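Working notes, beginning with the structure itself.
The values are calculated or read from the model by the stated rules, or taken from the named source; none is laboratory data. Remember, predicted model here, so these are calculated numbers, not experimental data. Neighbour counts are summed over all protein chains in view; Cβ atoms, including those assigned to glycine, are modelled from backbone coordinates with ideal geometry.
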Amino acid sequence: MKNIVFITSVLCLACSSLTYAANNNAKSVQAAMPELMTLYKDLHQSPELSSVEFNTAKKLAKTARDLGFEVTEKVGGTGVVAVLKNGQGPTVLIRADMDALPVKEQTGLTFASKVTTTTEEGQQAHVMHACAHDTHMSSWVGTAKLLSENKANWSGTLVMILQPAEERGRGAKDMIADGLYKRFPKPDYALAFHNSASLKAGVIGYTQGFTFANVDSVNIEVKGVGGHGAYPHATKDPIVLGARIVGALQTLVSRELDPQDPAVVTVGSFQSGTKHNIISDNALLLLTVRSYSDKTRQTLLAGIARIAKGEGIAMGLPENLLPVVTVKDEYTPAVFNEPEFTKKMAALFTTELGKDRVIEVPPVMAGEDFGRYYRADTSIKSMIFWVGGVPHDKWQAAQETGTALPSLHSPFWAPDAEKVIATATQAMNSAVLTILAK
């Protein structure tokens, strides 16, 4: 009986300690919020496109230096690596992405972006943080600030990175190729979050295992023999061949994959011809291809090449006119959350925020290049989680009336930035203090 009483007392003390730590963490975050919201509004008003995040990187690199981090700039282009060594222990990597999108903001915010620039393709475009990476960076600074001020309670190494070009699927690849794991301490753990346009503000969503998909962009150049629209028998019509290819591609997912193996093959563009009565001699199909496992990815890519060639042969084209399939180099690999580590972090977040603010969500077919940090060394325990950004009033209206909510990349996407930044900062701070606990 005495043993039972003793164990119960210990458990009560542990629960009280966790509650105290969570409350203390929340108070520290709230104290930092005025400064973080000022930073957020500044970042929101001055967005930069992929690979040209020069001012953003310079500004945040200075902030990290002022907090006592050893900072290296221009890693993988405009990437920033900030290292804080604090005794013996594991190494934790925390990543935030910096780039904005060529979108004209229509949120109505008083601090809305009015930036315009020239894209890589030479087009004039407005620029907006339509994926709300500005909330990611603000939380990154908040996490760096709290952990640098609380060094007495953790031991180990922090590697905090600001990554360029996530929207182009190449930033993580470029930083790793530039020696991220050779020039700086290699992480034992890697963490990131992404704001969500489908979760209520302040709610964390997590997924065990595959979380984001493999993303491939595929071009199919369809060749033919052009001529007069009145004499189709004298031509080899690339539009007809392209249409056959589009139809046949639908069988890849429906008839060649296990129905329980998610995949997407979408023809997003079909370009050919210039006039009603002219049969063109070429067509171009642009595809996006999504999957989770590498095996499924290879099945889809091989199937696309086989179908395109097979339909060309069936139409009677000679070898030199068969369709040409090109897989573009902006490939983004699937993101995999290590299940056991993810469960532990989800349990921690639940203790920190309450069970009504931490939910398990299904994987998505969107792309995110955070998966490259794990793929570069699969011994790393890796997790990316969602932080809801839908303002509570809009969330409630959507539930009651079915009102559509703006998505990520929408010119109308305006998250409840204060709740996103506060929730993410509290979760990240708690995660690192737990992983690197003395």
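Here are some notes:
- Scan of segment 206-225 for residues that are surrounded by fewer than 17 Cβ atoms within 10 Å (Cβ to Cβ) and either on the phi < 0 side of the Ramachandran plot or touching a Gly at 6+ places or on another chain (Cβ under 6 Å) (or both), ordered by number: 219, 221, 225
- Of the strands (runs of 3 or more DSSP E) entirely within segment 291-386, those holding at least 2 residues that are over 24 Å from the mean Cα position of the chain (by Cα) and in contact (Cβ under 8 Å) with a residue 12 or more places away in the chain occupy 324-327.
- Residue-level check: of (1) small (Gly, Ala, Ser); (2) surrounded by fewer than 19 Cβ atoms within 10 Å (Cβ to Cβ); (3) within 21 Å of residue 250 (Cα to Cα), residue 347 misses just (3).
- When the strands (runs of 3 or more DSSP E) confined to segment 51-108 are screened for residues that are without any contact (Cβ under 8 Å) to a residue 24 or more places away in the chain and in the same structural domain as residue 382 (by TED's automatic domain parsing), those reaching at least 2 such residues are found at 70-75.
- Residue within segment 273-282 that is within 27 Å of the chain's Cα centre (by Cα) and at negative phi present: no
- From the options 360, 330, 340, residue that is under 30 Å from residue 139 (Cα atoms) and at pLDDT below 95: 330
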